[in-house]
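Student: Mind looking over this structure? Questions follow.
The values are calculated or read from the model by the stated rules, or taken from the named source; none is laboratory data. Values in this document were obtained by computation on a predicted structure and should not be read as measured data. Virtual Cβ from ideal backbone geometry, glycine too; neighbours counted across all protein chains shown. These area figures cover heavy atoms from the full protein model, side chains too; ligands, DNA and RNA do not enter into them. Shrake-Rupley method; radii C 1.70, N 1.55, O 1.52, S 1.80 Å.
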Amino acid sequence: MIVVLISLAIWLGLIAFWGGFPRGFWRADQRLGQPPEPQAWPDVTAVIPARNEAATIGEVLRAHAASDYPGQLEIILIDDSSDDGTGEIARAVDGARPIRVVEAPPIEPGWTGKLWAMHCGIAEAGSAPFLLLTDADILHAPDTLRRLVAKAQADRRAMVSLMARLDARGLWGGLLIPAFVFFFQKLYPFPWVNDPARRMAGAAGGCVLLRTEALRDIGGIAAIRGALIDDCTLAARVQQAGHRIWLGLARDAVISLRDNRALGSVWTMVARTAFTQLRYSAVLLAGSTLGMVLLYLAAPVGVAVGLALGDWQLALAGGGAWAAMSVAYRPTARLYGMPPWHCLSLPFAALLYMLMTLDSARRHWAGRGGAWKGRVYPAAP
């Protein structure tokens, strides 16, 4: 009973205060909207790193070429040693805007692949005031870049990032993806990230608009060369340099084409960096595991045990904690078109994410941490 009541109290506190009152992290209300447009549109260079993205790169590049951005837009695709024809497909794309394909040289020691490709692409860029750093499986709507630049200019933000709408099809995608977005918002409360008075930094690496000046101020991409969680690391460096950042949720403006219907797809994505988030600490891993049990599993277990033993006080307390987390989860689940009853599945999703985190630690200790697309990256010093 004590454990369940503690869980209920924590959820009520999170709903009321985490992310600020009355907005809260859980409202999922940080959206790009339609910011006022500037009188003059600055030049932008889109830098798109790609490694074995043949399945999506054609559609993605055609979408960039079809952007309705009023200013000058340069599109650079960096082919990072792909062996599936990514570069050939990119060169064959014919659109309203030219696309330049650059072969990345062999990766240097100390770099992660994506950041190395971005570094090489930025080196090829001109002197545009803004860089659009985006992934090769992220589809942009025609007006996305226009709205990103308008937001950066109107709010004087050096970095504007959108968390793409992820694929939530199928049993596993439906169970895990909305929960992933919810957990991300809880870890990096968007209202606090967007509040210049707070020192909370977060970003979504699939879609980042960055002022070139701010990147120079932090020493370029080389300043974060070994980061596995590169988006949030970049946001923290930009914020520490005295610049303002903004992070929001996308519905249709930015869509991920990554297929999440298989459990293994989500598992690999999370296990790659979950232990990195815990700074490779066994103590933090144990604390995180106990925290997940307390926050997400105590409530359904309390309901089950209370009903089995006829302890209605325990069952009601567990039901209250379960209801509280479901209320917090509802706006994010709604964003993904999930019915109200879907919110009751959050504890089961949390259990799987807890197992993914433990597996992430196991992979690290086995020397396979950070593995992605045929490369294994050691822990950054």
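Student: Between Glu37, Glu74, Glu88, which is open to solvent by 30 Å² or more (accessible area, probe 1.4 Å), in a loop (DSSP other than H, G, I, E, B) and not aromatic (Phe, Trp, Tyr)? Even if it seems obvious, please write down each step before you answer.
Tutor: Details: Glu74 fails: in a loop (DSSP other than H, G, I, E, B); Glu88 fails: in a loop (DSSP other than H, G, I, E, B).
One residue alone meets the criteria, Glu37.
Student: Select, from Trp26, Trp18, the only residue that is within 25 Å of Gly202 (Cα to Cα), open to solvent by 60 Å² or more (accessible area, probe 1.4 Å) and touching a helix residue (DSSP H, G or I) at 6+ places or on another chain (Cβ under 8 Å). Walk me through how you get there before you give the answer.
Tutor: Working: Trp26 fails: open to solvent by 60 Å² or more (accessible area, probe 1.4 Å).
The conditions single out Trp18.
Student: If Leu344 meets every condition in (1) at pLDDT below 95; (2) hydrophobic (A, V, I, L, M, F, W, C); (3) more than 21 Å from the chain's Cα centre (by Cα) apart from one, which number is that one?
Tutor: It fails just one condition, (1).
Student: Here is a follow-up. With Leu290, Leu247, Leu284, Leu294 as the choices, which residue is under 27 Å from Pro347 (Cα atoms) and crowded, with 20+ Cβ neighbours inside 10 Å? Walk me through how you get there before you give the answer.
Tutor: On the way: Leu290 fails: crowded, with 20+ Cβ neighbours inside 10 Å; Leu284 fails: crowded, with 20+ Cβ neighbours inside 10 Å; Leu294 fails: crowded, with 20+ Cβ neighbours inside 10 Å.
Going through Leu290, Leu247, Leu284, Leu294 in turn, the sole match is Leu247.
Student: Now a separate question. Of all residues in the range 184-203, which are open to solvent by 10 Å² or more (accessible area, probe 1.4 Å) and assigned to a loop (DSSP other than H, G, I, E, B)? Please lay out each step first, then the result.
Tutor: In the first step, residues of the range 184-203 are kept if they are open to solvent by 10 Å² or more (accessible area, probe 1.4 Å); the result is 184, 186-188, 192, 194-201.
Once the filter is applied, which keeps residues that are open to solvent by 10 Å² or more (accessible area, probe 1.4 Å) and assigned to a loop (DSSP other than H, G, I, E, B), the range 184-203 yields Tyr188, Asn194, Asp195, Pro196, Ala197, Arg198, Arg199, Met200, Ala201.
Student: Restricting to the range 222-244, what's the tally of residues that are more than 15 Å from the chain's Cα centre (by Cα) and either modelled with pLDDT of 95 or more or assigned to a helix (DSSP H, G or I) (or both)?
Tutor: We begin by selecting, within the range 222-244, every residue more than 15 Å from the chain's Cα centre (by Cα); these are 222-226, 237-244.
Now drop any that are not either modelled with pLDDT of 95 or more or assigned to a helix (DSSP H, G or I) (or both), which leaves 222-224, 237-244.
The number of residues fulfilling the criteria is 11.
Student: Are there any pairs with C-beta distances below 7 angstrom linking a residue in the range 10-33 that is touching a residue at least 24 places away in the same chain (Cβ under 8 Å) to a residue that is of a type in the set (Lys, Arg), with the two at least 6 apart or on different chains, and if so which?
Tutor: As it stands, the answer is Phe25/Lys186; Asp29/Arg23; Leu32/Arg147; Leu32/Lys151, since those pairs meet every condition given.
Student: Every residue in the range 269-281 that is among the hydrophobic types (A, V, I, L, M, F, W, C) and open to solvent by 40 Å² or more (accessible area, probe 1.4 Å), please. Give the steps one after another, and end with the answer.
Tutor: Our first condition is that a residue be among the hydrophobic types (A, V, I, L, M, F, W, C); within the range 269-281, this holds for 269-271, 274-275, 278.
Result: Met269, single match.
Student: Name the single residue that is surrounded by the fewest Cβ atoms within 10 Å (Cβ to Cβ) among those in the range 109-143 being hydroxyl-bearing (Ser, Thr, Tyr) and over 17 Å from the mean Cα position of the chain (by Cα). Talk me through it step by step, then tell me what you get.
Tutor: Filtering the range 109-143 down to residues hydroxyl-bearing (Ser, Thr, Tyr) leaves 112, 127, 134.
Still in the list and also over 17 Å from the mean Cα position of the chain (by Cα): 112, 127.
Values: Thr112: 20, Ser127: 7.
Checked the range 109-143; the qualifying residue surrounded by the fewest Cβ atoms within 10 Å (Cβ to Cβ) is Ser127.
Student: Select from the range 250-268 the residues that are open to solvent by less than 50 Å² (accessible area, probe 1.4 Å) and in a helix (DSSP H, G or I) and list them in ascending order. Even if it seems obvious, please write down each step before you answer.
Tutor: Pass one, the range 250-268, residues open to solvent by less than 50 Å² (accessible area, probe 1.4 Å): 250, 253-254, 256, 260, 263-266.
Of everything in the range 250-268, those that are open to solvent by less than 50 Å² (accessible area, probe 1.4 Å) and in a helix (DSSP H, G or I) turn out to be Leu263, Gly264, Ser265, Val266.
Student: Can you report the number of residues in the range 204-226 which are in contact with a strand residue (DSSP E or B) (Cβ under 7 Å, 6 or more places away or on another chain) and open to solvent by 40 Å² or more (accessible area, probe 1.4 Å)?
Tutor: 1
Student: Another question, then. Name the residues in the range 56-99 that are free of Cβ contacts under 8 Å to residues at least 60 places away in the same chain and among the small types (Gly, Ala, Ser), would you? Steps first, please.
Tutor: Initially, the range 56-99 is screened for residues free of Cβ contacts under 8 Å to residues at least 60 places away in the same chain, giving 58, 61-62, 65, 72, 74-99.
Selection gives Gly58, Ala65, Ser81, Ser82, Gly85, Gly87, Ala90, Ala92, Gly95, Ala96.
Student: So, one more: Looking only at the range 172-183, which residues are open to solvent by 10 Å² or more (accessible area, probe 1.4 Å) and either touching a Leu at 6+ places or on another chain (Cβ under 6 Å) or farther than 25 Å from Leu115 by Cβ (or both)? First the steps, then the outcome.
Tutor: Filtering the range 172-183 for residues open to solvent by 10 Å² or more (accessible area, probe 1.4 Å) gives 172, 175, 180, 183.
Within the range 172-183, Trp172, Leu175 qualify.
Student: Please identify the pairs in which a residue from the range 150-179 that is assigned to a helix (DSSP H, G or I) and at pLDDT 95 or above has its Cβ atom under 7 Å from the Cβ atom of a residue that is among the hydrophobic types (A, V, I, L, M, F, W, C) and open to solvent by 50 Å² or more (accessible area, probe 1.4 Å), counting only partners at least 6 apart or on another chain.
Tutor: That search, which allows pairs on different chains as well, returns Trp172/Ala262; Leu175/Phe348.
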